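Structure, as structure tokens:
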Amino acid sequence: MLMPSKYLMLILSLVCVSLNIANAGQVVRITPAQIKTLGIETSPIQANANANSQRLPGEIVVPVDQARIISAPQSGLIDQMLVATGQHVKQGQALAHLSSPDLVALQRDHLQALSQQRLSQNSLNRDTELYKDGIIAERRYLTSESNHAEVNALLAERRQALKLSGMSPQAIKSLETSGSYTNGITLAAPIDGMVLEQLVTAGQRVDSAMPIYRIAKLSPLWLEIHAPTQALSSIQLGMKVNILNSAATGKVIAIVPNVNKLDQTALVRVAINNGTAALAPGQLVEAEIAQPVSNKSTSFSLAKSAIVQINDGKNANQTLVFVQTKEGFEPRAVKVLNNTGAQTFISGDFAGTERIVTSGTAALKAKMQGIGGGE
């Protein structure tokens, strides 16, 4: 059997619940003249499937495998620039011309090695025939074979040096055929893409490995978000991401498990495959990470000014909105899911066609609580 004090508390609790339900369902009747006088305005409620979505700032970056740095293969003088920042280029397209005295020495060494290789090849062919006929000893034949292998290795080394200097295989073949030296190298684009940076100017002397251009393929792109740790639990791989104020969309491809100790954020990486034409590397954007609603209620968005908090003791901690009806304005309980700027995302019992009071809610709240006299 319940003790008298416990029984009394149970009755009071039931009374409070019934009062809450009554307030949530009663209609505040008000005349058209009062509506105008009190400045009551309404707006249609908006269905929103992404009410639980999080909006976070991020930076557009180029995926690491889509960017290239074109550098000087050796020291020299940039005597011609053929493309500029912002231009689209094709793989193999000429970008700049580099004149280098060192290239002449490399070509000379290569031709010398080629001459030695041809001479060594002739000697080996002759000694091979003499050895077959028994005219020379095996040792002489093996010595010729060894010398030829050394000369071949030297030629391969000199050819590789020309490739590292920036000469194309076609240019090296032309050098071997004609013996004509070239005093410069044409730097070509390694990929299709856009020139993001021009790091030198015509007439500038450069050292070996000095960057000249930065080129990148701009589709797809990455969005890097530094998300607060409290938001990480609701972010999962594969979630859809919308870039606000653009048609760009993507999905979460990585959540880096390393928290920055200074601002307590972790890196969330998004691959953007659609709408990249409207974005640029280095651009700061606001992204919306779409998340499923945690309950079965339909989600809606409305102006933050429509939300009414009831904290009058008997109806403490109620969140309501006023719905316009034929009889007046009906207070209806809602659950706030998220706030963004002037918008609030809620869940509740709505058809999606209702009009919600966005201005004059204080007057309706007072009337509902019996403050301010009769109608």
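Among HIS88, HIS148, HIS97, the order by Cβ neighbours within 10 angstrom, fewest to most, reads HIS88, HIS97, HIS148.
Just the Kirkwood number for segment 118-274, please: inverse of mean 1/r across all distinct Cα pairs, in Å, one decimal. Mind showing how you got there, number by number?
On the way: mean 1/r = 0.0446 Å⁻¹.
Computed over segment 118-274, the radius equals 22.4 Å.
Per residue, the convex hull spanned by the Cα atoms of segment 229-277 amounts to 93 cubic angstrom. Within segment 87-115, find all residues whose amide N lies under 20 Å from a label point positioned 7 Å from the Cα of SER208 along Cα-to-beta-carbon. Output list for this probe position: 97-113. Going from the fewest other Cβ atoms within 10 Å to the most, the residues ILE346, ILE172 appear in the order ILE172, ILE346.
For GLU176, what is the net charge nearby, where nearby means another residue's Cβ is under 12 Å from its Cβ and Lys, Arg count +1, Asp, Glu -1? Kindly include the intermediate steps, with their values, before the conclusion.
Numbers: positive: ARG118, ARG158, ARG159, LYS173; negative: none.
Local charge sum for GLU176: +4.
Computed 3J(HN,Hα) for segment 225-241, one whole-Hz value per residue from the Karplus formula 6.51 cos²θ - 1.76 cosθ + 1.60 where θ = phi - 60°, is 10, 9, 8, x, 4, 5, 8, 5, 5, 9, 10, 10, 4, x, 5, 6, 10, glycine and proline marked x. Taking a point 7 angstrom from the Cα of SER115 along the C-beta vector, which residues in segment 147-190 have backbone N less than 14 Å away? Residues 176, 179-181 fall inside that zone. Modelled spin labels at ALA156 and GLN264, positioned 7 Å past Cα toward Cβ, are 6.0 nm from each other. Compute the angle between helix 169-178 and the longest alpha-carbon principal axis of the chain, please, reported from 0 to 90 degrees and rounded to the nearest 10. Roughly 20 degrees between the two axes.
Site pair VAL61 and LYS335 shows an inter-label distance of 3.7 nm when each label is modelled 7 Å from Cα along Cα→Cβ.
What Kirkwood Rh does segment 30-182 have if only Cα atoms enter the pairwise 1/r average? Answer in Å. Spell out each step's value before the answer.
Numbers: mean 1/r = 0.0440 Å⁻¹.
Mean inverse Cα-Cα distance, inverted, gives 22.7 Å.
Radius of gyration (Cα atoms) of segment 101-181, expressed as a multiple of 2.2 N^0.38 Å: 1.33. How far, in degrees from 0 to 90, does helix 138-164 lean away from the longest principal axis of the Cα atoms of the chain, to the nearest 10? Computed tilt is about 40 degrees.
Can you compute the helix-only [θ] at 222 nm over the chain? Use -39500 (n - 2.57) per DSSP H run of at least 4 residues, normalise by all residues, nearest 500 deg cm²/dmol.
Working: 7 runs with 110 residues, N = 375.
Mean residue ellipticity, 222 nm, calculated: -9500 deg cm²/dmol.
Principal-axis analysis of the Cα atoms of the chain puts helix 4-25 at an angle of about 70° to the longest axis.
Every number in this text was worked out from the coordinates using simple rules, so none of it is lab data. In this text, all values refer to a predicted model and were calculated from it rather than measured experimentally. Note that we place each Cβ from the backbone using ideal geometry, even for glycine, and neighbour counts take in every protein chain shown.
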